[in-house]
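*Asks:* Take a look at the following structure, please.
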Amino acid sequence: MASGTALIYDEEMTTHKLLWNDPICDIEVPERLSSSYEQLKCYHLVERCVRVPAREGSEEEILLVHSPEHLEVAKSTQTMDEEELKRVSANYDAFFFHPSTYRCARLAVGASLQLVDSVMSGKVCNGMALVRPPGHHSQRSAANGFCLFNNVAIAAEYAKRKYGLQRILIVDWDVHHGQGTQYIFEEDPSVLYFSWHRYEHQKFWPSLKESDYDAVGLGRGKGSNINLPWNKVGMGNSDYLAAFFHVLLPMAFEFDPELVLVSSGYDSGIGDPEGQMNATPDVFAHLTHFLMQLANGKLCVILEGGYHLKSLSESVCMTVKTLLGDPVPQISGEMAPCLSAIESIQNVRAAHKPYWKCLMYEDTSFLQNLSTKSHLLEKANTNPSTEHESKITSKDEMVKVERFLELHMKNILFPVPPIKTAATIESKASAHLLPLSIRVVKEMDMNEVKALVSAFYADLVKEEETLLSLGSMLAVLDKILTKQVCTGIAESPTASVSVAVALRHSVRFGFQRVLCIFVGDREIIPNTEDGRILMIHVCEKQQSEKTNSKHYISLNWKEGAEGNDFFSAVFGFILPVAYSYQANLTVIAVGPNKSLGINEISLLFGLLRGLAESRILAVIENTEINLMQSVAKALVGDPTPDFGVYAPPTQEKVHKIKILRDQLQQEWKMLQCSVKNGI
Ligand code: Q9C
Ligand code: ZN
């Protein structure tokens, strides 16, 4: 299996620059590239990547997407003087030519294709290309919005031709709408294009009607264009995560891409003068981490916008660090999407209902209440408790942002040891099946175990076998609690006993919020009343008399025969609750009568590595060798296995999730994805 992260950077792409005065274009500076690269060096990330050289994209490659006329105009600018360059530039909306622009744009295309080749050939698993000029506004016959050739669109077309790919996902997290990319693929069902963008009811550039949520694609491409317009500035981490949970991820997993390309603009990050949004650099680690769970990990990140140099470069570092497999930082800020974001999410889900099985039971009755489109809602959002503060405009605010980035990011980004996984291997048989990077630790001393356990579960001390397994679980857990490793696996003859002890021990050790996902039947129900434990119990039938309380949630779920309707539970419920809770340790346990398959459980592990700084304790009943192996792989960061043909969720299951959501969304706010039901 492929491993490693490619990094592509060529200093020559800093030679493209603005030669005259133009307040619209003067933010697209060469330092965007050089300062990002310097920051990567500073955090020692460059040396951990596989260096891949850029190359020039060929004319033939550019013509995959652009017209010969467009190519000729671009080519002709190489020998022009400043006056001529200015004249040609004026033919386009927000673009400038420099004599080196053509060469740089060809390098930007070539760099993107080198990245695709590195990933598709298996030389690396994923990677990032730092390129200028950017691409996503560029159209078949026009430069636009600082973009000459559409790097990502060419990369997608190239991957389709050269590798015969049938499904490519493009995620455009730049704060502007990549209308160029939309136009190129709007009739093409083999490319799923997702873009969120500052829109403000069409007031924000490029101010197009076709950037709204009802532009879903054309002809055979209907349903393969997803626009999520942001109608307010100030969107932050929770709004972006909600967009992933409730829009992108369910659709992306249903689509099941063979390759994921990111139009990676960081003008959607805090401090950016164009975007005016509030998302911090660490959110990009989470977005990257989610996308790494698709397409067997084949992920190509290609730079687009980003105009606040510090915010841009820190965000680039977060992205690359995550591609390398480092622990995902804990996200900052309150976890609740704002009303305007929820409204946009609800609208795009409704618009796509006809095209996606994951949305087939979506309630769209609210549509009748909207006399026309969303601009009527503009005034309706007055609930201050769920609204973000308005834009950052003052110098003071900018200084605050700078200081925040300076302090906050240093903490997160300074060399953290890569994820290490601890295990005590009981059965010799399983040892050779586990990844080599797993560190085997010694079991805890029996007397120590007895002393520890008797403090909260006195009865357990009597059984020798139980004590033995607790000894190995506690040894692993201690390595996690003391931050010597990130993740760990413990085998146990009785998962529910081990989990009960693990939870109590972690809380006693000082962890304030421990999330436990328990799959299967269980005997001991730990006390969750103090709120320091949040239990999500996934089992076939509700077991205890304990009804749903704030901190004990029973998710009665039996995987269908077809096998992957678990997505709706994961994205629609488990992840939103988990992110709302902001745990600092995750315990995932699999007991008897597990109601989920191995793939579902692996996915759960892969996704939950995004939480609690990737600290996870896995407790697995020791009869399950195959499961152990899959879980170990997921813990060390191997990509989630393929799910095969998409099986839609049943109405009954979707309904179940909806009921839970209605019941719990006041408490766990990331569950919100529609504006009715008491918000
Ligand atoms: N009144 C990228 O981020 N702004 N391009 C034009 C005209 C152009 C952004 C404003 C912004 C282009 C790649
Ligand atoms: Zn942009």
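*Asks:* Considering region 294-316 alone, what residues qualify as being farther than 29 Å from Pro250 by Cβ, more than 15 Å from ligand 1 (Cβ to nearest atom) and surrounded by fewer than 24 Cβ atoms within 10 Å (Cβ to Cβ)?
*Replies:* If the condition is that a residue be farther than 29 Å from Pro250 by Cβ, more than 15 Å from ligand 1 (Cβ to nearest atom) and surrounded by fewer than 24 Cβ atoms within 10 Å (Cβ to Cβ), then Lys310 is the only one that fits.
*Asks:* Under 22 Å from the mean Cα position of the chain (by Cα), closer than 30 Å to Ile24 by Cβ and among the hydrophobic types (A, V, I, L, M, F, W, C), is that true of Leu228?
*Replies:* For Leu228, the condition - under 22 Å from the mean Cα position of the chain (by Cα), closer than 30 Å to Ile24 by Cβ and among the hydrophobic types (A, V, I, L, M, F, W, C) - is met.
*Asks:* Does region 151-166 contain at least one residue that is within 16 Å of ligand 2 (Cβ to nearest atom) and of a type in the set (Gly, Ala, Ser)?
*Replies:* Checked against the condition, which is being within 16 Å of ligand 2 (Cβ to nearest atom) and of a type in the set (Gly, Ala, Ser), region 151-166 yields at least one hit.
*Asks:* Regarding region 497-514, can at least one residue be identified that is surrounded by 24 or more Cβ atoms within 10 Å (Cβ to Cβ) and either in the same structural domain as His289 (by TED's automatic domain parsing) or touching a His at 6+ places or on another chain (Cβ under 8 Å) (or both)?
*Replies:* no
*Asks:* Pairs, please: C-beta under 7 Å, at least 6 apart or cross-chain, first residue within 23 Å of Leu481 (Cβ to Cβ) and in region 615-637, second open to solvent by 50 Å² or more (accessible area, probe 1.4 Å)?
*Replies:* Matching pairs, first to second residue: Glu621/Pro592; Asn622/Glu426; Val636/Ser437.
*Asks:* Still on this structure, please answer the following. Return the residues of region 1-56 that are within 16 Å of ligand 2 (Cβ to nearest atom), among the charged types (D, E, K, R) and out of contact with any helix residue (DSSP H, G or I) (no Cβ under 9 Å at 6 or more places or on another chain); say none if nothing qualifies.
*Replies:* Those that are within 16 Å of ligand 2 (Cβ to nearest atom), among the charged types (D, E, K, R) and out of contact with any helix residue (DSSP H, G or I) (no Cβ under 9 Å at 6 or more places or on another chain): Asp26, Glu28.
*Asks:* Shifting gears a bit: Looking at Gly221 and the list (1) buried (at least 24 other Cβ atoms within 10 Å of the Cβ); (2) touching a Pro at 6+ places or on another chain (Cβ under 7 Å), which single condition is not satisfied?
*Replies:* The failed condition is (1).
*Asks:* Residue check, Ile226 against (1) away from ligand 2 (no atom under 15 Å from the Cβ); (2) assigned to a helix (DSSP H, G or I); (3) open to solvent by less than 10 Å² (accessible area, probe 1.4 Å), all met but one. Which one?
*Replies:* Here Ile226 meets the rest and fails (2).
*Asks:* Would you mention how many residues in region 486-510 are in a strand (DSSP E or B) and among the small types (Gly, Ala, Ser)?
*Replies:* Count: 3.
*Asks:* Here's another thing I want to ask about it. Return yes when Leu617 is open to solvent by less than 30 Å² (accessible area, probe 1.4 Å) and not in a helix (DSSP H, G or I) and no when it is not.
*Replies:* Yes: the conditions hold for Leu617.
*Asks:* Right, something else. Working only within region 14-32, note down all residues that are under 28 Å from the mean Cα position of the chain (by Cα) and in a helix (DSSP H, G or I).
*Replies:* Scanning region 14-32 gives Glu31, Arg32.
*Asks:* Turning to a different aspect of this structure: Any residue that is surrounded by fewer than 21 Cβ atoms within 10 Å (Cβ to Cβ), in the same structural domain as Phe245 (by TED's automatic domain parsing) and away from ligand 1 (no atom under 16 Å from the Cβ) - is there at least one of those in region 167-182?
*Replies:* yes
*Asks:* Something else: Within region 45-62, can one find any residue that is open to solvent by 30 Å² or more (accessible area, probe 1.4 Å) and at positive phi?
*Replies:* No, region 45-62 has no match at all.
*Asks:* A follow-up question, please. Anything in region 92-101 that is surrounded by fewer than 22 Cβ atoms within 10 Å (Cβ to Cβ) and either touching a residue at least 40 places away in the same chain (Cβ under 8 Å) or closer than 24 Å to Ser3 by Cα (or both)? List them, or say none.
*Replies:* Hits for region 92-101 are Tyr92, Asp93, Ala94, His98, Ser100.
*Asks:* Please work out if Gly164 is open to solvent by 10 Å² or more (accessible area, probe 1.4 Å), free of Cβ contacts under 8 Å to residues at least 40 places away in the same chain and assigned by TED's automatic domain parsing to the domain that holds Glu254.
*Replies:* yes
*Asks:* Okay, moving on. Working carefully through the options Ala54, Ala74, find the one that is in contact (Cβ under 8 Å) with a residue 60 or more places away in the chain, assigned by TED's automatic domain parsing to the domain that holds Ala143 and assigned to a helix (DSSP H, G or I).
*Replies:* Of the residues listed, the single one that is in contact (Cβ under 8 Å) with a residue 60 or more places away in the chain, assigned by TED's automatic domain parsing to the domain that holds Ala143 and assigned to a helix (DSSP H, G or I) is Ala74.
*Asks:* For residues in region 247-270 being open to solvent by 10 Å² or more (accessible area, probe 1.4 Å) and outside any helix (DSSP H, G or I), which is farthest from Leu165 (Cα to Cα)?
*Replies:* Per the stated criteria, the residue is Ile270.
*Asks:* Please go through region 119-140 and give me each residue that is more than 16 Å from ligand 2 (Cβ to nearest atom) and either aromatic (Phe, Trp, Tyr) or open to solvent by less than 10 Å² (accessible area, probe 1.4 Å) (or both), ordered by number.
*Replies:* Val119, Val124, Asn126, Gly127, Met128, Ala129
*Asks:* Does Ala143 fit the bill of being within 16 Å of ligand 1 (Cβ to nearest atom), under 23 Å from Cys317 (Cα atoms) and open to solvent by less than 10 Å² (accessible area, probe 1.4 Å)?
*Replies:* In short, no.
*Asks:* Looking at region 255-268, which of the residues that are within 16 Å of ligand 1 (Cβ to nearest atom) and out of contact with any Gly (no Cβ under 7 Å at 6 or more places or on another chain) is nearest to Phe284 (Cα to Cα)?
*Replies:* Top of the filtered list is Ser264.
The values are calculated or read from the model by the stated rules, or taken from the named source; none is laboratory data. Since this is a predicted model, take the numbers as computed values, not measurements. Positions of Cβ are generated from backbone atoms using ideal geometry, with glycine treated the same way; all protein chains shown enter the neighbour counts. Remember, those area values only see protein heavy atoms, side chains included, never the ligands or the DNA or RNA. Shrake-Rupley method; radii C 1.70, N 1.55, O 1.52, S 1.80 Å.
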